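Undergrad: Quick one: this structure, given as structure tokens, is what I'll be asking you about.
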Amino acid sequence: MTSSILEELKAAVMEGDSEKSVEFAKKALEENIPPLEAITNGLAKGVKAVGDLFSQGEVFLVELVMAGDAMKAGMSVLLPVIKESKMEMKSEGKVIIGTVEGDIHSIGKDIVGTLLEAEGFEVFNIGEDVSSETFVDKVKEYKPDVLGLSSLLTATMPAQKAVIEKLKAAGLRGNVKVIIGGAPTTQEWSDEIEADGWAGDAVTAVSLVKKLVKN
Ligand code: B12
């Protein structure tokens, strides 16, 4: 049963069918499938498959957009459950997360933000296409322990570096740990731009933030 629901979630995203995505996300909850598993082994598999087809020129942009929308529709059912299930009263620390300038991909960083919230962090998700200046302003305003920068495009990875440089120029680099993520990013890129850490998925991102806040 579990595997067929996960397959249906994957198929819903691949077909760009938001209604089906919502329907099977609800079914997953009814069948007690952990919501993170429904996202990771269901919805995300679908969106990754469509991304691969897109890069091979086998589907058009419109299908990519529909897949993204279907993924978000399913997540709108599953993410609130993750958030509520583990929400603790005390704050483990403050985190700002956003997608860098020129990049509108939101799904991955929203999952990371929600898991952090579920683990008791106070999370300020400041959205997508966020300029370096805005990241710096928000660091001044919220004084977070950790700043998370997401980038899904090779072309926008340099914007992660730009934020770090701007933080240095503003004399704020020592006040905040900067972590980066997003499909094209790597540990090597993180080292190169002198970030404090990189994670390839949301669960590892939570462990990384916990480790950085502890230190
Ligand atoms: C859905 C999608 C879209 C949707 C986005 C919808 C939305 N609201 O997010 C839409 C249709 C809008 C879109 C647009 C475009 N896209 Co697009 N898109 C994708 C796709 C299929 C899935 C991305 C996704 O959501 N993955 C699922 C999540 C769960 O995974 P994730 O994002 O990697 O996040 C995980 C980790 O990376 C990590 N993580 C993420 N962020 C962070 C942050 C921190 C701090 C940490 C620690 C960890 C972390 O944790 C997350 C959870 O596990 C990818 C393909 C792919 N394989 O990635 C292409 C892809 C990223 N897109 C691509 C392209 C080219 C585009 C467009 C330029 C297409 C066009 N011609 O217009 C535009 C760009 C618009 C822009 N300016 O940003 C390319 C990028 C190629 C490259 N390397 O540069 C890809 C790889 C597709 C491909 N194979 O060609 N896209």
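Undergrad: For the range 1-91, which helices (runs of 4 or more DSSP H) that fit wholly inside it have 2 or more residues that are of a type in the set (S, T, Y) and out of contact with any strand residue (DSSP E or B) (no Cβ under 9 Å at 6 or more places or on another chain)?
TA: 2-14, 18-30, 61-86
Undergrad: Right, next: Looking only at the range 182-195, decide whether some residue is modelled with pLDDT of 95 or more, under 27 Å from A44 (Cα atoms), near the ligand (Cβ under 10 Å from one of its atoms) and part of a helix (DSSP H, G or I).
TA: Yes: one or more hits.
Undergrad: Of G108, G120, G102, which residue is in a loop (DSSP other than H, G, I, E, B) and at pLDDT below 95?
TA: G120
Undergrad: Could you tell me whether any residue of the range 121-133 is in contact with a His (Cβ under 8 Å, 6 or more places away or on another chain) and either away from the ligand (no atom under 16 Å from the Cβ) or not assigned by TED's automatic domain parsing to the domain that holds P34 (or both)?
TA: Yes: one or more hits.
Conditions (1) surrounded by fewer than 17 Cβ atoms within 10 Å (Cβ to Cβ); (2) touching a Phe, Trp or Tyr at 6+ places or on another chain (Cβ under 8 Å); (3) under 25 Å from V77 (Cα atoms), marked per residue:
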position: L115; (1), (2), (3): no, no, yes
position: G148; (1), (2), (3): no, no, yes
position: L152; (1), (2), (3): no, no, yes
position: M157; (1), (2), (3): no, yes, no
position: A169; (1), (2), (3): yes, no, no
position: N175; (1), (2), (3): yes, no, no
position: N215; (1), (2), (3): yes, no, no
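The values are calculated or read from the model by the stated rules, or taken from the named source; none is laboratory data. Just so it is clear, the structure is predicted and the values come from calculations on it, not from any experiment. Don't worry about glycine lacking a Cβ; one is built from the backbone with ideal geometry, like all the others, and counts go over all protein chains shown.
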